[in-house]
Amino acid sequence: MVIGKFIVILFPLLMAFAASSDLLTMRISNKLVLAIVAAFFAVALLTRMPLEEMAMHVACAIVVLIGAFAFFAFGWIGGGDAKLAAATALWLGFGVTLPYMIYAALLGGGLTLLLLSARRLPLPKSLQRITWIDRLHNKKTGIPYGIALAAAGLLVYSDTALFQQLIA
């Protein structure tokens, strides 16, 4: 069934869009985060997820949102990253959110080290003309942590109960 196949790839598509958006613009829009949240509820209803299980997914997202906004308050991540982490956790649930956070931390740390190293080198003139590369290379620009958050989400997605139900 075509709709079933689309539902399975919906989360990966949204994660890819979030990562590319953060890479190219250094922003994760509220509309995208709302689309991720709305897509979860649509999929939950289409798959007849029990209300109690849906509530646990919401509770997981709230816990992650609180923690992520603490990180935002300390200036460690951006507000869009905090919202993306919570919206991603909504899809994942408590079962795989801890591995998700570990992967996000490791991937984010690696991305940070890579960008900080790259920023120490001069950017070739030909690449300076490409706005998003020039912005990414700028030492005053933050780290597009949404890339790590999205990649971590993709790494654990196949371990979620929702994914397992979708492919059954």
Quiz item: So for the pair Ala168, Trp132, with labels modelled 7 Å out along Cα→Cβ, what separation do we get in nm?
Solution: 3.8
Quiz item: Computed FRET efficiency, Cβ-Cβ of Ala161 and Ser29, R0 25 Å: what is it to the nearest 0.05?
Solution: 0.30
Quiz prompt | the stretch 31-99: trypsin sites (Lys or Arg not before Pro) in DSSP coil with no more than 14 other Cβ atoms inside 10 Å | solution = Arg48
Quiz item: Between Leu111 and Lys5, what length in nm is gained on full extension when 0.36 nm per residue of separation is reduced by their alpha carbon distance?
Solution: 35.0 nm
Practice problem: Place the peptides 144-155, 111-122, 19-30, 91-102 in order of packing, highest mean first, counting for every residue the other Cβ atoms within 10 Å and averaging per peptide. | Solution: 144-155, 91-102, 19-30, 111-122
Exercise. Report the chymotrypsin sites (Phe, Trp or Tyr not before Pro) located in the stretch 1-90 that are in a DSSP loop and have at most 12 other Cβ atoms inside 10 Å of their Cβ, or state none.
Key: Phe74
Quiz item: Lys pairs in the chain, Cα-Cα under 25 Å, at least 8 apart or on separate chains: how many?
Solution: 6
Exercise. Calculate what fraction, in whole %, of the accessible area of the stretch 29-74 sits on carbon and sulfur atoms when a 1.4 Å probe is rolled over the protein chains.
Key: 79
Practice problem: Would you mind working out the accessible area per residue for the chain, using a 1.4 Å probe, and quoting it in Å²? | Solution: 56
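The values are calculated or read from the model by the stated rules, or taken from the named source; none is laboratory data. Here the structure is a predicted model, which is why all the values come from computation and not from measurement. A quick note on method: Cβ atoms are made from the backbone with ideal geometry, for glycine too, and the neighbour counts reach across all protein chains shown. Note: areas computed on protein heavy atoms with side chains; ligands, DNA, RNA excluded. Shrake-Rupley method; radii C 1.70, N 1.55, O 1.52, S 1.80 Å.
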